[in-house]
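The block underneath contains the structure these notes are about, expressed in structure tokens.
What follows is calculated from the coordinates using simple rules that are stated; it is not laboratory data. All of these numbers come straight from a predicted model, not from anything done at the bench. FYI the Cβ positions are ideal-geometry reconstructions off the backbone, even for glycines, and counts take in every protein chain you see.
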Amino acid sequence: MMLYVPIALIFIPVFSALIIYLIKAQSIRYLAFVAQIAMTVLAILYYEAYTGQFADTFFVIGGWHERVGISLINDELSLSFVFLSLFIWWMVLIYTFNTGQNHRTFLFFLMFLQGVFLGLLQTNDLFNMFVFLELMTILVAILVVFKKAGDSFRAGIYYLLLNISGVMMFLIGIILIYFTFGTINVNSVQTVIAAGELVSGDEVALRFAYVLLMAGISVKAALFPVHSWLPKAHGVAMSAISGLLSGLVVKGGLYLFLRVNQMFAGANIDYALFFYIIGALTAVIGVMFALTQKDMKQVLAYHTISQVGIVMMGLSHYDPQTVYGGLLHIFNHALFKSLLFLGAGVIIKAYKTKKIKEIRGVMRTMPVVSIFMIIGMLSITGAPFFNGFISKSIIKYGIQDSGIKYWILFIVNIGTATSFIKMAQVFFGPKPMTIRLRSLEQRIALMTLAFACVVLGNFYIPISTGFFGVDVSHVSVFQWEAFFDYAVALIIGFCFYKLVIEKDPLTVRKIREFNLSFEMSNYLFVLYVAVMTVYFVLL
Amino acid sequence: MIKQLILIGLLGILFGVFFVSMQDIQELYNTFGKDYIAATGFADTGSRNLVTAILLDYRLFDSLFEAGILLIAVSGVIWISKHESQEKNAQFMLDKFKTPDLFVTFSRLVYPLMLAFGFYVIINGHVSPGGGFQGGAIIATAILILYYIDADKDTNIALIVTIEKILYIAILLVASLSLVSRGELFTNFFVIDASPDTKAIYLVLLNVMIGMKVALGLWTIFTAFLKEGR
């Protein structure tokens with residue numbers, strides 16, 4: 001029965017969500033934890049049972065011909081994402097447990113989203129992916145507007161429409177694939193492309209299908225020209241939801257990026273350079289906007305964009321080491337970004353404002369939360385002994401031959417350091433007259449995330465070799481260059497902050513007030529698809 | 001103006017490439033999936049309507065989540081349209097006095113026919129075009145007509161939503177019955193060499209449940225919209 005664990009992982013949260021919705025007792029909320037425990041145990045047992053023989057995890061639902069029915073398959077990649085999702089959902093469940101009176105409805109959407117996300121990770125069928133993507137988009141839109149406050153409706157609709165148009169591109173891509181191969185099973189398509197008998201990889205139809213699939217994925221992953229939904233949605237959502245979206249749901253797009261590139265591996269599509277440029281642009285533009293923001297959550301949201309850019313800079317290589325760096329950065333970013341968002345949520349709730357300038361003296365009012373936030377900030381800026389350093393070093397190692405690639409990463413690092421130096425100001429200053437909020441659940445969640453950041457930052461060698469079988473022993477924390485690089489980035493960042501950002505010149509204000517209208521982002525989306533078409537199909 | 005011209009140019013590129021890829025597909029066209037289902041669809045699933053065969057048997061897993069999309073959309077609309085302010089006694093936007101009498105009379109005439117047609121489409125989903133999703137939409141339209149006949153009609157949304165959720169759980173359970181009876185997930189719970197008439201029991205059962213669920217879901221959505229439009 002171990003074979004059907006993926007189905008259980010998808011339906012346990014869905015069922016518990018429905019039961020939580022139906023039974024009108026407050027104590028039914030604990031069912032979410034029961035479900036979470038059951039899923040965690042099942043996932044660990046499943047991993048134990050299939051380690052080293054992941055080909056056996058393949059099965060077709062209903063026992064039909066594998067090219068007709070829907071099949072599910074797991075490998076190291078999908079299972080590592082499954083464990084990451086379970087972990088982040090644990091944290092969000094614990095963090096939000098005693099907040100709000102509409103908690104049952106919230107849990108319903110949250111748990112349903114978990115089932116859908118786990119389905120997206122484990123499916124081996126393109127149309128099934130599309131269904132999960134669509135369901136995910138609707139669920140996230142509802143969670144964004146959940147508080148029904150202020151601008152959230154506009155942001156929710158913005159998110160919904162832009163993402164649905166991306167998902168529709170994905171659907172057209174699937175139709176082209178189905179006509180070309182007579183099947184939408186990812187493994188079968190991959191085998192046929194790799195064999196190179198039916199298709200050579202130069203067909204316009206095949207390449208156009210790739211472009212359309214990538215268009216949908218780029219919107220989901222918030223890559224540069226189609227990133228505008230992310231700061232809007234994350235700015236208005238609850239902090240816990242922002243943490244979940246930034247930490248994990250955006251990574252769903254990056255996961256599909258890896259999967260689809262695996263599928264097209266035999267088609268000789270030269271994607272590395274294009275997506276490197278897109279990744280670099282995403283990273284630079286994300287960090288540029290983050291520098292100018294004054295709202296704590298907006299800063300974090302724009303940093304999500306820039307970190308996704310760094311991940312893309314790692315993933316868009318053929319060298320498995322560098323790709324692994326990008327992959328590891330997905331995990332590290334999930335941990336420290338949810339830590340930062342959840343911590344920011346605690347601070348914002350206590351100070352009742354999101355403006356960085358108005359928050360002072362957090363170190364005195366909330367010393368414990370401040371320590372966890374500082375761990376998060378050290379991780380995101382890439383300090384040695386914290387997890388962000390490891391993945392950034394692997395990416396840096398992979399691109400060190402190319403001068404310009406190296407410098408782009410360095411500039412992004414300086415920008416990140418600058419904007420977190422700015423944000424670190426909230427810790428200092430006199431103690432304000434605020435009510436001190438104590439919440440054990442929130443502290444447990446923050447502590448676990450901070451702990452995970454430190455563990456991954458120090459014991460990365462056994463974790464990497466144990467789970468992925470990738471040797472990263474060339475990355476060493478005990479190198480004086482590492483400390484030197486970090487110190488240089490901090491010093492330049494500090495000077496840059498003092499000389500430019502703090503004075504708030506006109507350019508900075510202009511960038512901050514720059515707003516991408518919905519119409520404009522649709523133009524950009526069409527432009528992006530057209531540029532990809534020209535690059536991948538016509539050239 | 002320049003923006004529009006650029007947009008037309010960009011869309012022109014996309015459509016041009018799309019047409020070229022259509023030419024490609026005429027050469028590449030792989031009919032494996034189509035041929036397989038045309039050849040074995042009836043024997044495998046007992047459904048003459050091959051769309052139903054795919055929807056309720058070959059790819060039932062997808063259909064479960066397609067039904068889930070509606071479920072989530074309904075819950076989302078309910079949640080978003082729920083206001084704190086208490087205006088329960090307000091009138092519906094559709095005022096009885098503004099609806100022409102002719103329209104009301106014809107609605108009364110058409111209502112039972114639409115309902116019957118909806119049920120027909122659901123129950124015959126496995127032999128003729130149609131099925132749960134389509135029939136459910138027709139029934140929901142018939143219920144919408146009820147609001148023209150009686151504008152003051154009061155609907156208990158909470159009850160409908162509860163029934164809809166329970167129906168969804170029931171659909172999931174019926175779909176997974178095959179694991180107990182045959183050891184296969186999400187397919188017909190009768191054995192594969194059962195006669196088509198036996199298999200039809202499962203298809204009709206699932207079609208009816210999906211049809212009811214879709215009808216209730218759409219009913220909730222437009223009741224919520226009507227209340228919004230007060």
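Numerical summary
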item: Residue A:455-residue A:200 FRET efficiency (beta carbon distance; Förster radius 51 Å; 0.05 resolution); result: 0.60
item: Inter-chain shielding of B:153-165 (mean C-beta neighbours from other protein chains, 10 Å cut-off); result: 1
item: Check: the protein assembly as shown dipole with +1 on Lys, Arg Cβ and -1 on Asp, Glu Cβ, in debye; result: 3460 debye
item: Principal axis box of chain A, alpha-carbon based, largest edge first, Å; result: 70, 60, 49
item: Hz values of 3J(HN,Hα) by residue in segment A:479-487 - Karplus curve (6.51, -1.76, 1.60), Gly and Pro given as x; result: 10, 5, 4, 4, 5, 4, 4, 5, 5
item: Cα pair distances in segment A:325-465, grouped into 5 Å bins until the bin that holds the longest one, percent each; result: 2, 10, 19, 20, 17, 13, 9, 6, 3, 1, 0
item: Farthest toward positive dipole pole in segment A:270-503 [+1 Lys/Arg, -1 Asp/Glu at C-beta], among A:480, A:313, A:388; result: A:388
item: Proximal aspartates and glutamates relative to residue B:199, as straight alpha-carbon distance under 17 Å, when same-chain residues fewer than 8 apart are discounted; result: B:44, B:57, B:184
item: R0 of 30 Å, Cβ-Cβ distance residue A:161-residue A:441: FRET efficiency to nearest 0.05; result: 0.30
item: Averaged over A:171-180, number of beta-carbon atoms from partner chains that fall within 10 Å; result: 3
item: 10 Å Cβ neighbours from other chains, averaged over peptide B:55-61; result: 5
item: Square roots of 5 times each gyration tensor eigenvalue, C-alpha, segment B:31-228, largest first, Å; result: 37, 20, 12
item: Cα centroid separation - segment A:359-378 against segment A:187-217, whole Å; result: 49 Å
item: Volume per residue that the Cα convex hull of segment A:274-355 spans, once the total is divided by residue count, Å³; result: 56 Å³
item: Relative contact order of chain A, defined on C-alpha pairs under 8 angstrom at six or more residues apart (%); result: 14 percent
item: Helix-only [θ]222 nm of chain B, DSSP H runs n ≥ 4, -39500 (n - 2.57) each, per residue, nearest 500; result: -25000 deg cm²/dmol
item: Structure-based [θ]222 nm, chain A - -39500 (n - 2.57) summed over DSSP H runs of at least 4, per residue, nearest 500; result: -23500 deg cm²/dmol
item: Length gained when the stretch residue B:104-residue B:159 is fully extended (0.36 nm per residue, less Cα-Cα span); result: 17.1 nm
item: Euclidean distance between Cα centres, segment A:492-539 to segment B:138-176, Å; result: 47 Å
item: HN-Hα J in Hz across segment A:362-376 - Karplus 6.51, -1.76, 1.60, θ = phi - 60°, x for Gly and Pro; result: 5, 4, 8, 7, 9, x, 5, 4, 4, 4, 5, 4, 5, 4, x
item: FRET efficiency, 1/(1 + (r/R0)^6) with R0 35 Å, evaluated for residue A:55 and residue A:400 via beta carbons; result: 0.50
item: Equivalent ellipsoid semi-axes - Cα gyration tensor, segment A:74-190, angstrom; result: 30, 20, 9
item: Dipole-positive endmost among A:432, A:342, A:379 within segment A:270-503 (Cβ charges, Cα centre); result: A:432
item: Packing-based ranking, highest mean first, of A:356-364, B:110-118 given that Cβ atoms within 10 Å are counted; result: A:356-364, B:110-118
item: Per DSSP, loop chymotrypsin sites (Phe, Trp or Tyr not before Pro) in segment A:312-373 with at most 16 further Cβ within 10 Å; result: A:318
item: Segment B:17-23 - phi-based ³J(HN,Hα) in whole Hz, Karplus 6.51/-1.76/1.60, Gly and Pro as x; result: 5, 4, 5, 4, 5, 4, 4
item: Point-to-point label distance, residue A:481-residue A:531, nm (Cα→Cβ direction, 7 Å offset); result: 3.3 nm
